[in-house]
Structure formats: structure tokens, C-alpha cells
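Accompanying notes for the structure given below.
Derivation of every value follows stated rules applied to the coordinates shown; laboratory data play no part. This structure is a prediction, so every number in the text was calculated from the model and none was measured. Note that each Cβ is placed from the backbone with ideal geometry, even for glycine, and that neighbours are counted across all protein chains shown.
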Amino acid sequence: MSIFLDIKYAIRQLFKTPKFTAITLFVLVGGLTISLFTFSFLYSLIYKPLPLPGGESIFRLSISTNGDGRSIPAYELLEAKQGLQSIEHLEVFETTDFRISQQDVGKTLTGTYVENEIFSFTQTQPILGRGFTPEDMLSSAAPTVVLSHSTWQREYSEDSNIVGKVIRINDLPTTVIGIMPQGYHFPVNSQLWLPLPQRLKSLTADTREYIQAYGRVKPTFSKEQAELEIGQAMDAIYQQTARQFQKPEGKLAATLYTFPHAQTDGDGNLVFTFFNLIAFSILLLACINVGNLLLARAIERSKETAIRAALGAPTNRLVLQLMWEGIIITLLGSLLAVLLVSDLLDYTDALLHAEVSENLPFWWRWGMDVPTLLMAIGFTIVTIVLASFIPAWRSAKQDINSTLRDGTRGAQGKKAGKMSRILVTVQIFLISTLMLIGSISAFLSQYLLNMDTIEDYTRVIHGGIFLTDKNYKTPEQKIRFFEDFYDRLKRKHNVENAVVRGYFGTSELVLDGEDSGAQNQFPKIDTMSLIGNTEFFSAQLVEGRHLDKRDNPNAPKSVLISDSMKKRYWPNESVLNKRINIRLNDKLHSVHIVGVVKDRLNESSIFQGHSSEDEIYISGRQFERSYQRIFYRYSGDVTTAEESFYQVLFTLDRTIEPYRVEPASKNFDMMKKAMVMTSYITFGAGGFALLLALTGIYGLTSNTIAQRTHEIGIRRAVGATDKEVIQMLLKQGSKQLAIGLSLGLFVFTLISFAFHGFTDGNIPVVLYFVLAGTVTIGLLIVVLAAIYSPTRKAVAMEPNAALRYE
Amino acid sequence: MSPLIELNNISKLFVTEEIETRAVNQVNLSINKGEYVALSGPSGCGKSTLLSMMGLLDTATTGSYELAGVNVSQLNANQRAAIRNKKIGFIFQSFNLISDLSVFENIMLPLTYQKGLDKNQIQQQVNQVLAKVEMGHRKNHFPSQLSGGQQQRVAVARALVNSPDFILADEPTGNLDSKNALAVMNLLEELHQDGSTICMVTHDPQSALRARRQVEMFDGQIISDSINSLSVKAKVDSSTSQVSIA
């Protein structure tokens, strides 16, 4: 009954001060929403088990050679798995693009080559037809395919007679044998499944093809035991086959990840912790603010509390009574935050699936779920403790005697002042850290969004082609294939221009007479091969000529260089026909320069402007590369233009599976949208955090100064001028500012080092200093203003009034 | 000789949303150097407000105030602070010591707002007044560790540390028991005998009798002004509040 009365009293107090209630609620809902949304979004991204029966125990195998990740050698794995004790199931798969054609129209879909037990492993059976049998896996078997529900729905209008029909996949007649249930896209985002080709399982399978594996550990074995056993078993076989078939050397080691973890390359824990810490900092800021507001209210009512205590109310009862307002507001705030987060998650899910549905792993679904609700309860408890319990506890533990005797004078003495100073320092630390991290993110987003890449991707399609050593044994065969592809594609009526580009990484420019054979002392220059000319990428000719058919295998090797390279190494001389030496893949080549072209932006000079881009273009007719991308500018509609690519490909070699044939702007647009979104989120969350911090600092300072009004009155009574009082208070505020900022800058320095490594040093170090300087100055100004404002108010009161202030 | 304090037609009006209160109503009062004046009257009669205005802790709504021949009515906040710091010493009923500062630091406070004093000078002055109020043995204590009488003695020491022209005491014995009250009154008596000018607000008749001159207020006005030892009665013109001593 008495608790009921306390709750009623608290509700009445909240209604009596609607402005206070609204502000507190706003702050709490903001903080809780950001924290909860961040948790839920990342949890679904990284930790949520696969939505399949037994999904939590399914793992993905990752293999490394001497610590470097690599494609799984399927032969060794399939051989090794026979004797594994710790593994219940282990199968390999390869995800790639497939072209589904109907008459002259086709569509590229992501599909997976799988082993026959995939559907029984995931305990999901087709809703129509059947899954794969061991017979379907034989190389002599007729080609078969199982379609996803969405492919069946979208491409075949849910044709109930689809099973048994023959469709063309990569121009090969293939029989549809089954349709999987809605939402099933295991292992990642498969739209269709085909039997794993024998070539991928063979002893001499090309290790550059990206083969992966999934499985399940027996319940009696730990993950670590299984990793050790798989690694050792595979390595034992690999060491034999590697010697025999000249495979890359190295010791194999196995790591098991959950599928969501594997999707973030095993960095999920770091990402989850980092972003949740940032979001939790915002909740902490909100808690400090609300706690401070509630503390100020508790101080206002300290006389009432003292009277209750004097009348015999026990401490726990007093604490609870003081907490009810905070509890009610927090519960209401949490409820609103949960509703808001639920809507935000639904919106995020709809938005992401509308934009990039086919590229998203099938388990990436966002919405309100049990872990999010549990975390909401956790956050609510934390908020109640931080924002309600601590202020109530402090207020209930006051010196009753002095409060009753002197009002509030002296009741909030040294300890309260110290607590306020600590809280202000914490707020400054949190906001400076958030702003510094946010500034990097915002700067990068804005910089990349507004970057002039020169390249024009309007009406450009690109696609990758990988030629295996098995089918294209000699460099000449590979060169011929790409040259043929280029010639045929250019002859298409809807193709205006084309280029075949192979990225060679960096080559070393061996300057005359300096080749001592030592490594790492020559300039490293980005090098790419071209069939076609650089003007496709808007890199116009400055002097000389473009690479063309004259630069064939029988002719001396020719190169183009970028203008910046010419100016750097040969500023005052003509470079045309100049002979230079470049070391490419450990082989020294003597080449002569036939032309100089304009600079374009490349990865290594992304933050240094076009003038620092040194590039060498070699002829794709003279240097071979197994994997190259074909770019072409088309006229007419995009579907027909895409079809032209496949027509050329299937004419030349119908066994080749191209990689991502799509408009070149697609990735760029996606990246742009992601960055715009990141910018909005960063600015929104950063702005909210800044608002919280400033109002918090203002509130805490006001509260502290209000508690010191009497002291200020005394100081002024004995002759302190307004200026001296303001200086004293600002000096104290500056101390907190200095400590908070220093801690923030320290954390920022640590993060900057990590970020510098993460971005391979592409961001100039000076930028970190500029950002740190800008944020520090900005924060200095706004925080000092937040401290100055209540200070100014304090001295506006007549000393006499200050002396009587209670 | 011109008076040290001269108030001419001083009024103080407090206006809240609904009520307008005339706390001090056209008061004229002169206090000469070396006088010991008791300002008495019932609660709410305006004596503390008048004292605050005399101490430049508050400003008058109307009227003029001359301190040592200088009109201080129009001074800005900083000029008033400087006068408080150098010419006035305050003693309050509730002591008004800063709880986070030690006895020594509390007494030192007015000197910290003066320029040109070195550490030694400050220490010397503080120790001197500490000795005068017999609190030297408690200089490192905090106010909460002292009795009421001791706190008030510290407050008196703080009021003396800057060697003020006059001391304003607002109910200095109001929060003290009779023994401590007597000790504080004796201290004020000593100060007066040493030549200090004192103006004390009190509603205790016994304390008021210790002063040489007694000014009585009622409803914001001075109703009598008398010299205690000579039993001189003051005549008050009720229309102008002008006090004249016969």
C-alpha cells in the first residue's frame, strides 16, 4: 500500500513538471534507442544463429597457410574427412555466378556448387521435386539444378510443373529437379544449387578457385579439438600432394567459424564490441544527464527527505521513494525505445533487402527478437541503477541534522562537488572520444563521396573472367582468349567501346644501373595490363601513342606511363621510346615507353590527389594474367548489353563461369548509398551525443554552481569581483575539460594507430592531427560556453540574495 | 567631520508576481566613525535589508548612500566588490563559513581578493586575528568540526582580517547559546573600544543595550534613534523618517 502511495506521488510529481518529464524522456529514449538498435543490428549481423534446424552448430571452415587465409584444397579436405573423429559432417561448396537464359534473354544469379547431402544436412527438404542424390554428382550425370523459392517465383512465375523442365544455365541445358522453401538460401545467398563438378574435387584442382566448406562438430568434441584434427589431417595429405603437384608451399591450419562470424572474416567480435561501446557511451551520456536531473530534483527535495528520515523512514524506503520517478520514466522510455527500435529494424530490413537483397546472406534479417528484448531489459536495469538508484542513494544518505538546521547549506558539500566534477570529466571524455572517432568516419565518408575519380561509369558493364591453367595451359592461349573476347565484344552492335584490364599489383621500377638484386629499394608502381586504350577510363593521351595491336607477343614490350610518373622520374626529358626495366612477379622486363597518359585516381594515392598517381600500363597482348575484367560501354538497354557479354563468352568457351557481370556503377552506387547512410547515422548519432554532452555539462555545471551559490555569495560578500568568481569557476571547469579531453585524445591516438594499420596507411598522418585539432578546438569552445553560461547566471544574482539562497 | 555612513531617503522595494513589498521605506541614517550602533526591531521590519544595503550586498531602489563622503549608490558591481573587500567586515547570523575550506582558509578569503599581498603578509594577518579571537589552535579545522560559538568567532576573525573601516553584524548571536553569545558580544565590545565602527542588527534587547547607539525600526522605517549611555531620545518625524537627536 505504501509503495502504491509512493508510485502515485511520483506520477503526480511527473505530471506537475511536464517539461522536466518530457526532457528526461527524450534523453532516455534517444540513448536507449541508439544502444538497442546498434546491439540488435550487429547481433543479427554477427551472432544470430542460422535460421535452420540445428543452425547454431553449423560452422564454416577456414584454411590458412602460414597464417594467410586461402581457398580450401577440396581434394585434401575430401580425403582427410574420411578419418576425422571430431566431425559429424563436412562438405565443400563453391559460390559463383550463373547465367540463366530463356530464349535470347538471360539473367545472372548467385548460385552454389554443392555436395549431395546439403539439404539433409540443413534438415530442409524441397517443397517441390527432390534434392540431390549421389548419382547427380557423377560427371556422367545429366546436369541438374535445384532452384530457390524466390528464383522460382520471380523467373518462372511459380510454375507448378517446373520440376523436370530443362532450362539453360551457362548455356547448358539443365533439368530442374527441385524447389527449396521460401527463405532458404544456404550456405550464404544462393538462388540455385548445382552438383559440385568433379574438377573442383580433383587432386590438381586450381587452388585459385574459391572453394569453401561447412560442417558440424560432434557434440563430444570441442571446437578447438576439431580445428586441430582437421588441420593436421589436411596438412598431412597436402604436404604429399604439394610436393608431387608443385602446389604452393606452407603448413595448413584450420579454423572453424560460425557462418555469421565467417561473413565478417572473423573480425565480428571486434566490430561488435567497438560499435556497441560507442553506442553504450551515448547511453552513458544519457544516464548521466538523467541522473543529474533527478539528483537536482532530489536536492530540491532534500529537506522533505530529511523530514521523512527524521520521522523514522528507513533508508531503503527513502531510496525507493526517491527512485520511483526515475523508474517510471526509465520504464516508459524503455518501452518507447523498444517500439522505436522495432520500427527502425523493420525499416532497415526492408531498405536493405530492397536495395541489395540478392547480395545479403540469407540469415541477415532484422526485426525485434528475444535477444534484443533481453538486452532492452538489461539496458533498462543499467539505466535505473545509473540514473535513479545512485542519485536516490546519495540523496537519502545526506546529513539529516545539517539539512534540517540549515536547509541545503552544507548538505551537498565536498563529495557532491567531487561527484559532479567527475561526471563532467566523464562526459567530456566520452564526447571527445565519440567526436574524434565520428570525425574520422564523417571525413572519410564525405571525402569518398565527393572524390573525383575521373572514371565515367555511365552505361558501362563489367565482368570478370578467370582462365584455369588446366584449360588454358600456355600464356599465349590466355592472351589469345582475352584478345578474341575483346575483338568479338567490340563488334557487337550495342557495344561502343571496350577494354580488358588485368591488375598486376605493383611492379618495381629498376632505374638504370641500379639493379643490385636487392629487394624493396626500387619505387613500386601500380601496374595494369590493357587491351584497348586508357581513354576508356578518361586517361587521355598526353604524348606518344596508345597501346594497340602493334604491341603483340612478337614485338618489343611496350608500356604507357602516367603523367605524374613522367614528371617525377624524367621531368626535363622526352620519355618516348625510352627503355626502362620493370620487375614484375620477380621477373625483370625491359620495356620501352610508347606514350604518356593523364593521371587517374588509384587506391594508393586516394588521399593525395591525382598528381601523385604513378602508373604503368602494359600491353595485355604481351603480358598474360589468368583473371581479368572486361569493361564495355553500351548503347540501348542494359539487359541486352549484358546478354552480349554472355553471347561472346559462350561462343568462345561455354565452360567458363564469369564473375559478377553487372553495371560498373552498381558497386559505386551501392558504396555511395552506404556512405550517405553512414554519414547520416554518424552525424545523427554524433549530433545527438554532442547535444547530450553539452546539455549534460551545462546541467551538471549549473547544478554544481547552484549548490555553490551560497559559497559564491560569501566570496562576493568579502570582496570577490564577478570576474574573479567567474575565473575561479571556469578554472575548475577547465581542469575537468583538460583531463577529459586528454583521456579522449589518448583513446583517439590508440584508435588512430589501429585505423592507420587497418587502412594500410592510406590516410595521411597529418589528417589525424587536423581532425584532433579541429575537434579539440570545437569542443573547447562549446564546453567552455556550457560552463560559462551557468557561471554568468550565478554572478547575476545580488550577493545578498546568494547569501540567503537555499 | 562628515559621517562614515550616510543614508538619504533610502528605500527598498521587493516585487514578486503578485506582491509588492517595501522592505525599507525612505530611511535617513548617519553613522560616524567609531560609533557602535545597534539596529533593532521586530522580524521583517527591514533591519537586515538596510544592513545589506549599507554593506553594498544589495542596492537601494531609491535614495542615495554616501560612504566616507563618496556616493556609492551608482557604483558598478566590481567597484562595490572592491569596497566590500577593503572597507567592510561582515558577521552573519548563520556564520556563512565555507564548509570546504579550513578555518585558516576561511579567514584568509578576503585577502585572496586583494592585490599586492604576499604569502607571509597574509599569514601574519590571519594569525593575528586568529589570536585575537582565540582560535589559533583550531586553524586547520573545518567549520563542521567547530561549535557554533567557535564558528562565529572565526566569522568575526574573517570580518577583521582586512582591517575594515566598519563592521556590519547581522544578528551575530542569533544562532548561539547565551554563553557563546556573551563571548561574541564581548569581542565586539573590545573591537569597538579599539576604535572599530560597528553596526549590528539584533532583536535581542540585551545585545542592543551593549551598543552606544540604538536605532529602532518598524515597518521599514526608523522609529527611534537613541544613545544608550546618555539616554538621549531621538525624535522621529513620521512624515519624512528624519531622525534628530536632542
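A few comments on the model shown:
- Label point at A:R654 placed 7 Å out along Cα→Cβ; residues across the range A:454-494 whose backbone nitrogen lies under 11 Å: none
- Net charge dipole, the range A:468-655: roughly 460 debye, given to the nearest 20, about the Cα centre with Cβ charges of +1 for Lys and Arg and -1 for Asp and Glu.
- Angle between chain A longest axis and helix A:638-652 axis [Cα atoms, degrees, rounded to 10]: 40
- Rounded to 0.05, the FRET efficiency of the A:H353 and A:D456 pair, given R0 = 41 Å and the Cβ-Cβ distance, is 0.85.
- The range A:642-706 and the range A:561-602 have Cα centres separated by 36 Å.
- Cα gyration tensor shape of chain A, rounded if a/c is under 1.5, else prolate or oblate by comparing a/b with b/c: prolate
- Positive-pole candidate from B:L176, B:L146, B:Q125, dipole of chain B, charges at beta carbon: B:Q125
- Cα pair count fraction exceeding 32 Å, expressed as % - the range B:5-245: 20
- Inter-label distance for B:E105 and A:T639, nm, one decimal - labels placed 7 Å from Cα along Cα-to-Cβ: 8.2
- Charge dipole of the protein assembly as shown about the Cα centre (unit charges at C-beta), most positive-ward option of B:G63, A:L138, A:S752: B:G63
- The range A:116-172 shape via C-alpha gyration tensor axes, a/c threshold 1.5: oblate
- Simple spin-label estimate for A:L339 and A:K793 in nanometres, 7 Å along Cα-Cβ: 3.2
- DSSP beta bridges in the range A:67-250 [antiparallel fraction, %, rounded to 5]: 75
- Under the convention that each Lys and Arg Cβ holds +1 and each Asp and Glu Cβ holds -1, the size of the dipole of the protein assembly as shown around its Cα centre is about 2820 debye.
- As a calculated quantity, the FRET efficiency between A:S57 and B:A68 at R0 = 60 Å, using C-beta atoms, amounts to about 0.05.
- Relative to the longest principal axis of the Cα atoms of chain B, the long axis of helix B:77-87 makes an angle of roughly 70 degrees.
- Cα gyration tensor shape for the range B:145-209, rounded if a/c is under 1.5, else prolate or oblate: oblate
- Residue pairs, from the table A:K16/A:K397; B:K86/B:K115; A:K478/A:K666; B:K119/B:K139; A:K524/A:K587; A:K81/A:K223, whose Cα atoms sit over 18 Å apart: A:K16/A:K397; A:K478/A:K666
- Counting 0.36 nm for each residue step from A:K19 to A:K666 and taking away their Cα separation leaves a gain of 228.1 nm.
- Highest-MSF residue in chain B out of B:A38, B:A23, B:A155 [GNM, Cα springs under 10 Å]: B:A23
- Gap separating the Cα centres of the range A:765-804 and the range A:99-133, nearest whole Å: 64
- Alpha-carbon geometry of the range A:468-655: the Rg and the Dmax are 17.3, 55 Å, given in that order.
- C-alpha long axis of helix B:119-132 to longest principal axis of chain B, angle in °: 70
- Neighbouring partner chain Cβ atoms per residue of B:88-98, average, 10 Å criterion: 4
- Efficiency of FRET from Cβ geometry, A:Q477 and A:Y503, R₀ 25 Å, rounded to 0.05: 0.80
- Virtual spin-label span in nm between A:D346 and A:V370, 7 Å along Cα→Cβ: 2.2
- Beta bridge orientation in chain A: antiparallel %, DSSP, nearest 5: 80
- Projecting the Cα atoms of A:G713, A:T273, A:A738 onto the charge dipole of chain A (Cβ charges, centred on the Cα centre) puts A:G713 farthest toward the positive pole.
- Placing +1 on the Cβ of every Lys and Arg and -1 on the Cβ of every Asp and Glu, with nothing else charged, gives the range B:5-245 a dipole about its Cα centre of roughly 640 debye.
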